[in-house]
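First comes the structure, then the notes that go with it.
The values are calculated or read from the model by the stated rules, or taken from the named source; none is laboratory data. Because the structure is predicted, anything quoted here is derived from the model rather than measured. Heads up, the Cβs are rebuilt from the backbone with ideal geometry, glycines too, and the neighbour counts pull from every protein chain shown. Protein only, heavy atoms only, side chains kept; ligands, DNA and RNA dropped before computing areas. Shrake-Rupley method; radii C 1.70, N 1.55, O 1.52, S 1.80 Å.
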Amino acid sequence: MINPLWTTRELRGEVDRVESQGSEAASILIKPGYEWPGHKPGQYVRLGVVIDGVYHWRAYSLTSDPAPDDGLISVTPKKVDSGVVSPYLVSQAKPGTIVRLGGVEGTFVLPEILPALPTTSAASIT
């Protein structure tokens, strides 16, 4: 009866779908709560999931467009056999799963205004 994404205490998201990316990876598409601040290419998010009753947190690069038409964000983890979270996300996460979302982090992004590229002439290339 109450939407689990409506919270002021923590940012949450709901898995919308899981798209296989071969046998070892999957794109996890998530509908974030209304507090989602948005992101820029090159940033990452900490993702929290409950596995066997215990919260586990991992950081994943955001692989979705910063302004998607459907409002979904995505991460695309590669399964690490000795891991806990990536095997769960790749093999067991299902639509409707509620995840916790940490803040958007990372400064490895392009500047708002791209610098001009140097020009070269064919004569200067030897």
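Put +1 on the Cβ of every Lys and Arg and -1 on every Asp and Glu Cβ in the chain; which of P68, Q43, L101 then has its Cα farthest towards the positive end of the dipole? The residue sitting farthest along the positive end of the dipole is L101.
Within the accessible area of the chain, the carbon and sulfur atoms contribute 55%, probe 1.4 Å, all protein chains present.
Looking at the calculated P(r) for the chain, what percent of the C-alpha pair distances fall above 27 Å? That tail contains 27 percent of the Cα-Cα pairs.
Here the chain is scanned for GluC sites (Glu not before Pro) in DSSP loops (not H, G, I, E, B) that have at most 11 other Cβ atoms within 10 Å, and the longest stretch holding none of them is 11-111. A probe of 1.4 angstrom, applied to the heavy atoms of all protein chains, finds Y44 with accessible area near 80 square angstrom.
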